[in-house]
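The values are calculated or read from the model by the stated rules, or taken from the named source; none is laboratory data. The structure presented is a predicted model; accordingly, all values stated were derived computationally and were not measured. Quick reminder, even Gly has a Cβ in these numbers, built from the backbone with ideal geometry, and neighbours come from all protein chains shown. When the accessible area is computed, the model is the full protein with side chains, heavy atoms only, and any ligands, DNA or RNA have been set aside. Shrake-Rupley method; radii C 1.70, N 1.55, O 1.52, S 1.80 Å.
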Number of protein chains: 2
Amino acid sequence: MSFPCLDAVESRTKEIVSRSATSGPEPSYTTGVHKEFTSKDPLLLDYGGILKEFTIAYETWGKMSVGKSNVILLHTGLSASSHAKSNEDNPRLGWWEKFIGPGLALDTDRFHVICTNVLGGCYGSTGPASIDPADGKRYATRFPILTMSDMVRAQFRLLDALGVGKLMASVGASMGGMQSLAAGVLYPDRIGRIVSISGCVRSHPYSIALRHAQRQVLMADTNWNRGFYYGGVPPHLGMKLARQIATVTYRSGPEWEQRFGRQRADPSRPPALCPDFLIETYLDHAGEKFCLEYDANSLLYVSKAMDLFDLGVTNQDSIRKSRQKNKHKLLKTYSSDSEHGGGESEVCSLSLPTVPYTEQQQPSKGSSQTESGGGDAVASDDLVLGLFPMRNIPTLVLGVESDILFPAWQQREIADTLRKAGNTNVKHVELGQDVSLFGHDSFLLDVKNIGGSVKSFLEE
Amino acid sequence: MSFPCLDAVESRTKEIVSRSATSGPEPSYTTGVHKEFTSKDPLLLDYGGILKEFTIAYETWGKMSVGKSNVILLHTGLSASSHAKSNEDNPRLGWWEKFIGPGLALDTDRFHVICTNVLGGCYGSTGPASIDPADGKRYATRFPILTMSDMVRAQFRLLDALGVGKLMASVGASMGGMQSLAAGVLYPDRIGRIVSISGCVRSHPYSIALRHAQRQVLMADTNWNRGFYYGGVPPHLGMKLARQIATVTYRSGPEWEQRFGRQRADPSRPPALCPDFLIETYLDHAGEKFCLEYDANSLLYVSKAMDLFDLGVTNQDSIRKSRQKNKHKLLKTYSSDSEHGGGESEVCSLSLPTVPYTEQQQPSKGSSQTESGGGDAVASDDLVLGLFPMRNIPTLVLGVESDILFPAWQQREIADTLRKAGNTNVKHVELGQDVSLFGHDSFLLDVKNIGGSVKSFLEE
């Protein structure tokens, strides 16, 4: 039996090895020209890490008004760059190309849109592939654990530098939805409106499981080398596999039913263990496209930050305490070899429990289960208190029924929680299966319904 | 940062190497003592392969009646053995322990239950780990591609040998549901009743995608060695990763929400990239338990056979033609080195299309889309004609609302198709989320609702 899918992986490894032998180390990841802001003030991270300095890559569209009152901060999904839209400096199409521009969802005739590459990313912002100023070497997995709030704090340093006091709106989808809400909690007085599309108030175990699978597959690639692959062959196979799993979570069964059904790539050939059905070649291709486009360590850190996302008051309090405890680190001088990025030798050395998890026969049932299947009464209070700071910010919550990764019930959870927190200006829109079958990816594709809702909310 | 999850994998590899150095090659996979039936007549497979001879492992419970009219054939899920229930020869608990026995769902006071390990499996039946009689070596990936119908034909050879003319019932869940329906189409006159639990009439692209991800991850393990790992280190890491992905598809979000929520394995430790949240240690443990319990090649072949499952008349006709064309192979004498297992050198050498799949902007929409989001009008006729042979067999179709892998709409598809085919004796039961949150695994866990429905259907 032949295995063209494995041959392809082996060829790519050989190609990378021979390329780096002739042309030096691999190029940095980039989606083209962007602006950069570097903060020389250290940043204390939620889990105790410190970045002595950091850079945020960003791009802008539309003119900033004289009073700087028309600024929209656009947050990205996991793997996106600041390049949301083509511009003069970089004509390449952006990831929200059709949503930004004159008369579009984010109307550049009215608004000044700023999009950043997240802290921890690889498209110009400081992340695991960056040089640790402490020793001049790449951080790799010495990079500190990040949270959504850390990413938002870094963005607001940029806004401070630009002299933007209050945002007209904070807008984001997927992980960007998380950040948009996190910004509302951290800086309620600096945000006029919030848009969260296919986001959540906290990561639920099913989403964690789906990301866990991707991380495990990536970390299993021996080329990953526990994060120290820079200068060598990157874990392109692990990245390809992780991206295929991710792609399954980004779309929906009914869409694939319509689009691929049971079509085989080549019906004249007998079945094979390598990609065979059209859906398989589609996934394979999605993996191929991505496997060298994004830094593996960035994927791990940003994916982990998504898991850690929880706007419940208990988590916020615990982080607040820990930040208080670690505040002294901002004053300390760091030795270059003992505390790369801020004390990671103590962080992240979790050992597995010696007694493995034992299966329960039945899940607990009772009045604590909400109709949506998520959260219980106690957790709900926890979230209501957590979102209390956002009670005065008009918010649009957009969800998609066919979304598996950030299911519709999690969108209802955001809207319900905000309303319970006293927010009387919450608009909740759910796109049914009759409107969009694109699942989680609807936010990238459905210009009419997603774009339309965003536009009318921002301009009302 | 430390990586205990990677350390564990490396330790296991070392342990396997040192163990095999001292105790010889790895033991065969087994779940204990079972009966065996060997057919010396060659078996022609749907895709042109030939097994010159084959063995089927099986176990039985309850007494066969004098007229042999009380026999239930129980089909297994993907990775199960014939050991559905403990017995004198093998007291180990079976995979349907609480569903089989005096007074239980399959009442052994009334029925004689036969369960087989599938053809292609590794628990005693002929599969990729078996010796190819042509050359005395393990088949590995020289094993021919299998289908559900091939597995069912092998089972009926066993029934022939046991002198069982007509089954009282054919019962199965998950892949067993596929087989149960396939048996109804292949041998309608030999089956009294059919039970399909969380099965389908054909595999849909989303399920194929989920299995594709598992196969790709497994095949990426260098220890898999394109299937030729026998005598060496088996691809335990690939198996562990594949099982973790599978586990995500076997359960449901709401159940995990209740059971794990956002609990961390050890809240006193800082976050880590290795398993950290309780849901992650649960998945890790599920992978650990399975990674040396099942043959990797069996997983690939049986998983692929599930993808190929399609009871539509178009597929049945195409297979019928191909079988007709290959029938001469049953008469031929085979040279031992050119046609291992029946012409595999020609089979399975699919090359990928040179032009990769291009993203469409919108899926096609229109009247062809059914309410369920699956199948179109043409396909539906295709299935109705395909299930026409089953029109006189009373059938119970059981589904679970929280099932992601074999969603409830696919259960409705089975029932609707059977009814359209003229079957007036179709019972369709759907367990709502208020009854079971166990997703696809409900068939293993919900004795009351699944077992209860099966029992009353079989005894009505």
Every listed condition ((1) of a type in the set (S, T, N, Q); (2) free of Cβ contacts under 8 Å to residues at least 24 places away in the same chain; (3) assigned to a helix (DSSP H, G or I)) holds for B:THR141 save (2)
Within region A:293-310, residues being more than 11 Å from chain B (Cβ to nearest Cβ) and open to solvent by 10 Å² or more (accessible area, probe 1.4 Å) number 1
Subset of region B:276-305, residues farther than 27 Å from B:MET178 by Cβ and either polar (S, T, N, Q) or within 14 Å of the chain's Cα centre (by Cα) (or both), comes to B:THR281
The residue that is surrounded by the most Cβ atoms within 10 Å (Cβ to Cβ), considering only those in region B:83-120 that are touching a Gly at 6+ places or on another chain (Cβ under 6 Å) and among the hydrophobic types (A, V, I, L, M, F, W, C), is B:VAL113
Being in contact (Cβ under 8 Å) with a residue 12 or more places away in the chain, more than 8 Å from chain B (Cβ to nearest Cβ) and open to solvent by 10 Å² or more (accessible area, probe 1.4 Å) narrows A:VAL185, A:VAL201, A:VAL195 down to just A:VAL185
A careful count of residues in region A:125-167 that are within 23 Å of A:VAL113 (Cβ to Cβ), open to solvent by less than 10 Å² (accessible area, probe 1.4 Å) and of a type in the set (D, E, K, R) gives 1
Note on region B:182-208: residues within 23 Å of B:VAL248 (Cβ to Cβ), of a type in the set (A, V, I, L, M, F, W, C) and assigned to a loop (DSSP other than H, G, I, E, B) are B:CYS200
Within region A:224-248, restricting to residues that are assigned to a helix (DSSP H, G or I), open to solvent by 30 Å² or more (accessible area, probe 1.4 Å) and of a type outside the set (A, V, I, L, M), the one that is nearest to the other protein chains (Cβ to nearest Cβ) is A:ARG226
- Task: Answer yes if at least one residue in region B:107-119 is assigned by TED's automatic domain parsing to the domain that holds B:VAL447, without any contact (Cβ under 8 Å) to a residue 40 or more places away in the chain and not basic (Lys, Arg), and no otherwise.
- Result: no
Listed by first then second residue, the pairs whose first member lies in region B:146-159 and is assigned by TED's automatic domain parsing to the domain that holds B:THR116 and under 12 Å from B:LEU73 (Cβ atoms), whose partner is at pLDDT below 95 and open to solvent by 10 Å² or more (accessible area, probe 1.4 Å), with beta carbons under 7 Å and at least 6 positions apart or on separate chains, are none
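So that you can scan it fast, the table gives a plain yes or no per residue for (1) among the polar types (S, T, N, Q); (2) modelled with pLDDT under 95; (3) touching a Ser or Thr at 6+ places or on another chain (Cβ under 9 Å):
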| site | (1), (2), (3) |
| --- | --- |
| B:GLY232 | no, yes, yes |
| B:LEU241 | no, no, no |
| B:ASP266 | no, yes, yes |
| B:LEU299 | no, no, yes |
Output for Cβ contacts, cut-off 6 Å, separation at least six or different chains, first residue facing chain B (nearest Cβ under 8 Å) in region A:277-292, second open to solvent by less than 10 Å² (accessible area, probe 1.4 Å) and outside any helix (DSSP H, G or I), reads A:LEU278/A:PHE260; A:ILE279/A:PHE260; A:THR281/A:PRO275; A:ASP284/A:PRO275
